[in-house]
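Enquirer: Structure provided below as structure tokens; questions to follow.
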Amino acid sequence: MKILIAPDKFKGTLNAREVAENIAKGLLDVLPNAQIEIVPMADGGEGTAEAICDARGCSWFDCEAHDPLGRAIEARYGWVDREKLAVMEMSEAAGMRRLSENELDPVRATTFGVGEMILDASKRGANEIIIGLGGSATNDGGFGMARALGFRFEFEPKHEQQQLQLRIIDFVELKAIRRPTDLVVPTIIAAVDVNNPLLGKNGATRVFGPQKGASKSDLDNLEGALSRFADVAATEFECDYRNEAGAGAAGGLGFGLLTFCGATIQPGFEVVAEAVGLEAKVKDADLVITGEGSLDRQTLEGKTPAGVAGLARKLGKPVFAIVGRASKDREVREVFDGIYQNARLGMSQQENMKRAAEFLRENARDLAETFSL
């Protein structure tokens, strides 16, 4: 039996490879002769660069950059030399993981470090950059990134100030944007795991701002600033991407990449699946197993398990999910031939996460038993 294991990470617990390896161990306890292939997956969120580089054989480079609050850091990205392809994640420079909980501040947080990573890859000779847009601490519409790339922003006189002091809420007084004369960026593919536009009730600020520390007044100020930012950008560049699906990803970085870099936004799962050759691997398997930390309605919106299941269904392969926890939603459950979850009655989430590897192996053994019979 040929078994393909293609899960996403269990956030805060195990990365995608660790998830897959523990599932494989459980399967082999019962099916020692099974041929198992492991393909760690992602969908544009954190882990995207690792998933692609795991399959493509990247080298890793560090570059000087700045975190969301402007502190100097070293940011890492993958490099496939034969293709001159850079693979990176915005969260490496501008992610919530760079900040402690009491440092979250979407009014101050900037994507400047993302622009520095793009510049570094460009100077290295990149023909293409794939960038995952998950896990952001920012809500600046890509302003910081654009500033790092050399774009300059002009304000009404009372708000004239040095560039390093600019905040996104000051953009209510923005009057012009000036592009650098010598900027050349490679083809950029922005891999997203959400379809939100830049503005409105489903936009970057209203949906994701609160989890980044935005207060009610912050939300109103940020929404107004991003609206003005989009208005001026549309006038200056004669293009308007505010309503594009994914423009609101990573606090509006999707919008910024479209506007300032001519990027293409693609569903993250599709980007990763193509990069790792997932369809061919599914076609060659007899059984497919996927998973993630939480299986729920959001899973159906382009997340890894739904994408893997879709390919399996298309190719007539049985597909199972081994997950941290699963909702009882019928539409979610109908996607898979079976779902096994780590969640145990009476056990705290903290304890469950601590024992995730153990429970993955246990669930894999239970699944394997059904085939050994």
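Results for (1) at pLDDT 95 or above; (2) closer than 28 Å to Asn221 by Cβ; (3) in contact with a strand residue (DSSP E or B) (Cβ under 8 Å, 6 or more places away or on another chain), shown as yes or no for each residue.
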residue	(1), (2), (3)
Leu99	yes, yes, no
Asp120	yes, no, yes
Glu154	no, yes, yes
Pro157	no, yes, no
Leu166	no, yes, yes
Ala176	no, yes, yes
Leu183	no, no, no
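Enquirer: For Lys201, state whether it is at pLDDT 95 or above, among the basic types (Lys, Arg) and surrounded by fewer than 16 Cβ atoms within 10 Å (Cβ to Cβ). Break it down stepwise before answering.
Expert: Working: at pLDDT 95 or above: yes; among the basic types (Lys, Arg): yes; surrounded by fewer than 16 Cβ atoms within 10 Å (Cβ to Cβ): yes.
Here the answer is yes, as Lys201 does meet what is asked.
Enquirer: Scan the stretch 280-298 for residues that are assigned to a helix (DSSP H, G or I), of a type in the set (A, V, I, L, M, F, W, C) and either in contact with a strand residue (DSSP E or B) (Cβ under 6 Å, 6 or more places away or on another chain) or crowded, with 16+ Cβ neighbours inside 10 Å (or both) and report the count.
Expert: Narrowing the stretch 280-298 to residues assigned to a helix (DSSP H, G or I): 280-284, 297-298.
From the residues that got through so far, the ones that are of a type in the set (A, V, I, L, M, F, W, C) too are 280, 282.
Okay, now just the ones that are also either in contact with a strand residue (DSSP E or B) (Cβ under 6 Å, 6 or more places away or on another chain) or crowded, with 16+ Cβ neighbours inside 10 Å (or both), so 282.
The qualifying residues number 1.
Enquirer: Next up: Tell me which of these Gly144 doesn't satisfy, since it passes every other one: (1) of a type in the set (Gly, Ala, Ser); (2) assigned to a loop (DSSP other than H, G, I, E, B); (3) touching a Ser or Thr at 6+ places or on another chain (Cβ under 7 Å).
Expert: (2)
Enquirer: Next question. Touching a His at 6+ places or on another chain (Cβ under 8 Å) and outside any helix (DSSP H, G or I): does that describe Ile3?
Expert: On the way: touching a His at 6+ places or on another chain (Cβ under 8 Å): no; outside any helix (DSSP H, G or I): yes.
So Ile3 does not fit the description; no.
Enquirer: Quick one: count up the residues across the stretch 6-27 that are in a helix (DSSP H, G or I) and touching a helix residue (DSSP H, G or I) at 6+ places or on another chain (Cβ under 8 Å).
Expert: Kept after step one, since they are in a helix (DSSP H, G or I), are these residues of the stretch 6-27: 16-27.
Applying the additional criterion that residues be touching a helix residue (DSSP H, G or I) at 6+ places or on another chain (Cβ under 8 Å) yields 16-19, 22-27.
Number satisfying all stated conditions: 10.
Enquirer: Residues that are in contact (Cβ under 8 Å) with a residue 60 or more places away in the chain and of a type in the set (S, T, N, Q), at least 1 per element: which helices (runs of 4 or more DSSP H) completely within the stretch 309-373 meet that? Give the derivation first.
Expert: Numbers: elements: 330-333, 349-354, 356-372.
Correct list: 356-372.
Enquirer: Could you tell me whether any residue of the stretch 97-112 is in the same structural domain as Phe151 (by TED's automatic domain parsing), buried (at least 24 other Cβ atoms within 10 Å of the Cβ) and without any contact (Cβ under 8 Å) to a residue 60 or more places away in the chain? Write out each step before concluding.
Expert: Step one: list which residues in the stretch 97-112 are in the same structural domain as Phe151 (by TED's automatic domain parsing), which gives 97-112.
Remaining after also requiring buried (at least 24 other Cβ atoms within 10 Å of the Cβ): 106, 109-112.
After this cut, where a residue has to be without any contact (Cβ under 8 Å) to a residue 60 or more places away in the chain as well, the list is 110, 112.
Checked against the condition, which is being in the same structural domain as Phe151 (by TED's automatic domain parsing), buried (at least 24 other Cβ atoms within 10 Å of the Cβ) and without any contact (Cβ under 8 Å) to a residue 60 or more places away in the chain, the stretch 97-112 yields at least one hit.
Enquirer: Follow-up question, since we're still on this one. With respect to Gly256, determine if the residue is part of a helix (DSSP H, G or I) and either small (Gly, Ala, Ser) or under 16 Å from the mean Cα position of the chain (by Cα) (or both). Quick ask: steps written out before the conclusion?
Expert: Working: part of a helix (DSSP H, G or I): yes; either small (Gly, Ala, Ser) or under 16 Å from the mean Cα position of the chain (by Cα) (or both): yes.
Judged against the criteria, Gly256 is a match.
Enquirer: Are there any pairs, at least 6 apart or on different chains, whose C-beta atoms fall under 6 Å, with the first in the stretch 51-69 and over 12 Å from Ala86 (Cα atoms) and the second at pLDDT 95 or above and aromatic (Phe, Trp, Tyr), and if so, which?
Expert: His66/Phe112
Enquirer: Let me ask something else about it. Please go through (1) of a type outside the set (Val, Ile, Thr); (2) exposed (fewer than 15 other Cβ atoms within 10 Å of the Cβ); (3) more than 23 Å from the chain's Cα centre (by Cα) for Glu301 and return the number of the only condition it doesn't satisfy.
Expert: Just one mismatch for Glu301, condition (3).
The values are calculated or read from the model by the stated rules, or taken from the named source; none is laboratory data. Worth saying up front: this structure is predicted, and the values here are computed from it rather than measured. All Cβ positions, even for glycine, are placed from backbone atoms using ideal geometry, and neighbour counts span all protein chains on display.
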